[in-house]
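Just below is one structure, and these are the notes that go with it.
No lab work stands behind these numbers, since they all come straight from the coordinates. These figures come from a predicted structure and were not determined experimentally.
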Amino acid sequence: MEEHLLEHGSSGPRAIVITGVALAIGAAIVCVIVYGIFQFLAEQPVTTARPNPMAETDRQQFPPVPRIEEHPAIELDQLHVEEDHILNTYGWVDKRAGVVRIPIDRAIELQLQRGFPARKEAAKK
């Protein structure tokens with residue numbers, strides 16, 4: 001009756017067991033080979049090649065100026081604020097030499113009151 005249960009060309013239990021044992025032995029051999037490779041590589045130096053010059057290093061190196069700005073619009077606004085502060089306030093340029101900075105509008109008024117220097121050739125004509 002068993003002969004009727006097995007289809008033609010199907011495997012019996014013995015073939016299945018042999019295949020399972022062969023797969024287990026193959027897996028064990030692969031594991032031993034991989035373990036051996038890992039042990040071999042662990043004993044080798046990490047690298048003998050020169051480091052990549054483009055790789056990041058411990059310290060950040062910046063290229064020479066001018067550099068690309070990360071946020072040019074914000075940095076330009078900050079520059080304008082600093083310039084406006086310098087142009088519109090009083091302050092010391094060199095305290096030891098007694099050089100001060102005055103607002104640009106006041107400097108224009110003072111220059112207009114004092115007059116501009118004229119060349120002697122133009123004054124004679």
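Quick notes
- Normalising the average separation of contacting C-alpha pairs (under 8 angstrom, six or more residues apart) by the number of residues puts the relative contact order of the stretch 72-117 at 25 percent.
- Gain upon complete extension [Val93, Ala107; 0.36 nm per residue less C-alpha separation]: 3.5 nm
- Compared with the direct C-alpha span, the chain from Ala73 to Glu43 gains 5.5 nm at full extension, assuming 0.36 nm per residue.
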